[in-house]
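Asks: One structure coming up, written as structure tokens, with questions to follow.
Laboratory data are not the source of any read-out in this text; all were calculated from the coordinates shown. What you are looking at is a predicted structure, and each value in this text was computed from that prediction instead of being measured. Cβ placement follows ideal geometry from the backbone for every residue including glycine, while neighbour counts extend to all protein chains displayed.
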Amino acid sequence: MPYVHPLSPETLKHWQLLASPFSSSRSLEESARPEEFYFRSGGHAELWCWFANCVELDEPLSVILAPSGAGVTTFFRQALTSTGIGNQAIEVLAGPWNQPASAASAEPMKSAACPPAEQLCRRVRLINAPPMTSPIPTWPKLRELADAYRSECLFIRIRTETRLGIVNHSHRTFRMSQPTSDQLESCFSNSLRHVGAVREIFSADAIARLARESIGYMDLATRVHEALTIGHLEGLHQIGLRDVQRMMQPEVRRAA
């Protein structure tokens with residue numbers, strides 16, 4: 001799985017950037033930071049609407065089926081900062097896949113983050129299932145988690161490439177696909193503007209090539225950071241198509 005490393009201060013200075021274009025890989029428990037770039041694609045807008053509807057209906061278990069790189073972890077991280085949906089106050093927490101809470105809260109709770117002071121707060125739990133290499137009986141595991149967090153709105157993300165069979169469809173399901181190359185290209189360009197790029201660091205055809213070669217947002221972020229690092233080490237002032245083609249060679253990527 002791709003891993004996004006932050007750019008070094010020297011690389012940021014070379015490209016005159018205020019920060020890394022993409023956030024570094026980290027656990028879900030670390031919520032979104034105010035300065036981080038979040039690309040709200042059409043798929044993410046649909047996911048937000050579905051998420052809000054599930055919370056408003058107080059659904060006990062909702063499942064998101066999406067491949068790695070679709071941006072669900074980023075969505076979860078953004079959701080962790082939410083305190084309300086419409087008139088419903090919420091508290092959003094991350095939960096573990098392998099070690100469910102031994103005792104979930106039995107009643108709706110009050111929270112300092114939930115206005116007004118007397119409004120009952122609905123607790124929302126987000127669980128990001130890890131990648132798995134061997135099939136497991138999914139429904140019993142989902143049922144176990146739903147029982148552990150039975151007083152909460154539980155959202156579980158399962159990666160579609162794990163091929164886990166969900167044999168019970170009593171829960172609500174949202175299916176999300178990989179972003180298109182056009183969406184990745186737009187994300188790429190906007191991420192650079194977000195961190196203060198004042199000149200054309202990548203040529204248009206270089207951006208298009210990197211977007212076409214990337215499988216999801218995390219792969220794109222990894223490739224962009226690698227290209228910026230290599231470009232800095234080579235003293236480039238702009239990264240063109242030929243540079244990108246060379247940088248995609250395995251031996252060059254390893255050197256980064």
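Asks: As an exercise, use a Förster radius of 35 Å and the Cβ-Cβ distance of SER25 and SER151 to find the FRET efficiency, rounded to the nearest 0.05.
Replies: Given R0 = 35 Å and the Cβ-Cβ separation, E is 0.65.
Asks: Determine, from the Cβ-Cβ distance of GLN238 and GLN88 and an R0 of 51 Å, the FRET efficiency 1/(1 + (r/R0)^6), rounded to the nearest 0.05.
Replies: It comes out at approximately 0.55.
Asks: I've got another one for you. Amide H to amide H, which residues 5 or more places from ARG122 or on other chains are under 5 Å from it, using H placed in the peptide plane?
Replies: Sorted by chain and number, the residues that satisfy this are ALA89, ILE90, GLU91.
Asks: Set the Förster distance to 22 Å, then compute FRET efficiency between GLN245 and SER189 from the Cβ-Cβ distance, nearest 0.05.
Replies: Computed FRET efficiency for GLN245 and SER189 comes out at 0.65.
Asks: For labels at GLU213 and ASN98 in the simple 7 Å Cα→Cβ model, what's the distance in nm?
Replies: Output for this residue pair reads 3.5 nm.
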